[in-house]
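Step one of this worksheet: look at the structure below.
The values are calculated or read from the model by the stated rules, or taken from the named source; none is laboratory data. Please read these numbers as outputs of a predicted model, since none were measured by experiment. Positions of Cβ are generated from backbone atoms using ideal geometry, with glycine treated the same way; all protein chains shown enter the neighbour counts. Each accessible area value is taken on the protein alone, full model and side chains, heavy atoms only, with ligands, DNA and RNA left out. Shrake-Rupley method; radii C 1.70, N 1.55, O 1.52, S 1.80 Å.
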Amino acid sequence: MLIALSFLLPEWIETYGNYPGLEAWKFLNLIIFIVAVLILHSRFGKPIKEAFRSRAEGIKSEIARAQEERDTALAKLAEIEARFGNLEAELSGIREKASAEGAAEKQRLSAAADDEIKKIREQAKREIESAGKAARQELRRFAAGESVRLAEEILKREIRPEDDARLTSMSVQQFGRTSA
């Protein structure tokens, strides 16, 4: 760039402008940059400051909100850890209660089963007695019927016509005495 403008520049700039490590174009770029920053700062400085300030305030409020959320989370964590600390005690209490309830239920069921067995035995005993009475009555009826049948057979076999006549006359005589 300086070579193209060399006919306009004095000779000493050409000599010292390209001196290694001290090139003039670097200084020129620096000056342009500083001027641009100053112009931009004077024109946009206040809005940029406000933007940075509002951004800083937003970040501060987000940090405060995050801190509050962190504190809330830590409180919840402490509460949950306390619950977990009591969890083992609660579980053992629940186990003991369930065990006691199970034993009580087992005892209640055993007592109920014993009562039911007792009732069934008593009912069976009554039914056996009733069936025995019925069987004895049936046996008595059968025995009486058989006795009458056997007696008839014996009488038919052993009573002769003369015995029959004699018995008939005795019955008539006894009948006559009772009616007179």
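This model, with +1 at the C-beta of Lys and Arg and -1 at the C-beta of Asp and Glu, gives the chain a dipole about its Cα centre of some 780 debye. According to the square roots a ≥ b ≥ c of the eigenvalues of the Cα gyration tensor, what is the shape class of the chain, taking rounded for a/c under 1.5, prolate for a/b larger than b/c otherwise, and oblate for the remainder? Because a/c hits 1.5 or more and a/b exceeds b/c, the chain counts as prolate. Nonpolar atom fraction for segment 18-116, defined as the carbon and sulfur part of the 1.4 Å probe accessible area, stands at 64 percent. Reducing segment 104-119 and segment 147-179 to their Cα centroids gives an inter-centroid distance of 67 Å. Between Ala131 and Met170, the simple label model (points 7 Å from Cα in the Cβ direction) yields a spacing of 4.7 nm.
Between Phe52 and Ala124, the modelled label-to-label distance comes to 10.2 nm, taking each label 7 Å out from Cα in the direction of the beta carbon.
Seen against the Cα atoms of the chain and their longest principal axis, helix 161-179 is set at about 80 degrees.
Would you tally the net charge around Ala56, using a Cβ to Cβ cut-off of less than 13 Å, leaving Ala56 out, and scoring K and R as +1, D and E as -1? In short, +1. Pairs of lysines in the chain whose Cα atoms sit within less than 23 Å of one another amount to 8, provided the residues are eight or more positions apart or on different chains. Size estimate for segment 80-132 follows the Kirkwood approach: the inverse of mean 1/r over distinct Cα pairs works out to 14.5 Å. Taking the charge dipole of the chain about its Cα centre, with +1 at Lys and Arg Cβ atoms and -1 at Asp and Glu Cβ atoms, the residue from Ala111, Ile159, Leu40 reaching farthest to the positive side is Ile159. Taking square-rooted eigenvalues a ≥ b ≥ c of the alpha carbon gyration tensor, is segment 103-158 rounded, prolate or oblate, where a/c under 1.5 means rounded and, failing that, a/b exceeding b/c means prolate? Taking the square roots of the gyration eigenvalues as a ≥ b ≥ c, segment 103-158 is prolate.
With R₀ fixed at 41 Å, the C-beta to C-beta distance from Ala144 to Arg108 puts the FRET efficiency at about 0.15. Solvent-accessible surface of the chain, taken per residue with a 1.4 Å probe and all protein chains present: 91 Å².
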